[in-house]
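Undergrad: Take this structure, written in structure tokens, and hold onto it; I'll ask about it next.
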Amino acid sequence: MISPYEIVSKSALPALRAMVARRLHEKYNLTQQQVASLLGVTQASISNYARKTRGMMVNLEDDSTVSLAADAIAKELSSNNPDQRQALRTMTNVLDYIRFNHLMCALHSELEPGFEVTGCYACEGTLSAKNFDKLKIPVSS
């Protein structure tokens, strides 16, 4: 059983980083090393994104919300005084959007052929930032 968080961390996050990296390099003319520094990854990772050998398990460019968010993240990070917390918050919100809107279901089906994704609600979650009291973990004595 593959967790939605595994799929997000191994495919959606790299795909989003690749989108942002492309924008930073192409639109804002930053070097791979500068992009790597801004995204907190290695220059080799940025090179892999550029050669499309990493971050390509899922195509998120076709989703206008994700694409616009990648634009906003790149704009923020390329500014004279980038707010990395805001960029991180936007990335987190986009990854939640990807999960909540079932953009990973087809990939999950490919990665785990025996798992029935139709009708699956695992990605929807039940917690919100203001509602952690729903998290009840029973403790056995």
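Undergrad: Of all the Cα-Cα pairs you can form in region 4-134, what percent are over 25 Å apart?
TA: 28
Undergrad: How much of the calculated P(r) for region 1-64 lies past 16 Å, in percent of all Cα pairs? Could the numbers behind the result be given before it?
TA: Numbers: 858 of 2016 pairs.
Looking at region 1-64, the distances longer than 16 Å represent 43 percent of pairs.
Undergrad: Would you mind checking region 57-83 for residues with the amide N under 15 Å from a putative spin-label position 7 Å along Cα→C-beta of ASN93?
TA: 65-77, 83
Undergrad: What is the dipole size for the chain, taken about its Cα centre, with +1 at each Lys and Arg Cβ and -1 at each Asp and Glu Cβ, in debye to the nearest 20? Before the final figure, lay out each step's value.
TA: Values: 15 positive and 14 negative charges, 97 e Å.
Once rounded to the nearest 20, the dipole reads 460 debye.
Undergrad: For an R0 of 25 angstrom, estimate the FRET efficiency from the Cβ-Cβ distance between SER109 and THR65 and round to the nearest 0.05. Each step should come with its number before you reach the end.
TA: Details: r = 22 Å, r/R0 = 0.88.
Efficiency, rounded to the nearest 0.05: 0.70.
Undergrad: Distance between Cα centroids, region 88-104 to region 3-31: provide it in whole Å.
TA: When both Cα centres are located, 12 Å separates them.
Undergrad: Quick check for the chain: number of Lys pairs with alpha-carbon distance under 24 Å, counting only pairs 8 or more apart or on different chains?
TA: Values: LYS10/LYS52; LYS27/LYS52; LYS27/LYS75; LYS52/LYS75.
Lysine pairs, 8 or more places apart or on different chains, close enough: 4.
Undergrad: Here's a follow-up. Quick check on the chain: helices-only [θ] at 222 nm, where DSSP H runs of length 4 and up contribute -39,500 (n - 2.57) each and the sum goes over total residues. Nearest 500, please. Please list the in-between numbers first.
TA: Details: 7 runs with 73 residues, N = 141.
-15500 deg cm²/dmol, from helical runs alone.
Rule-based calculations on the coordinates, nothing more; no lab input. Please read these numbers as outputs of a predicted model, since none were measured by experiment. Backbone-built Cβ (ideal geometry, glycine too); neighbour counts: all protein chains shown.
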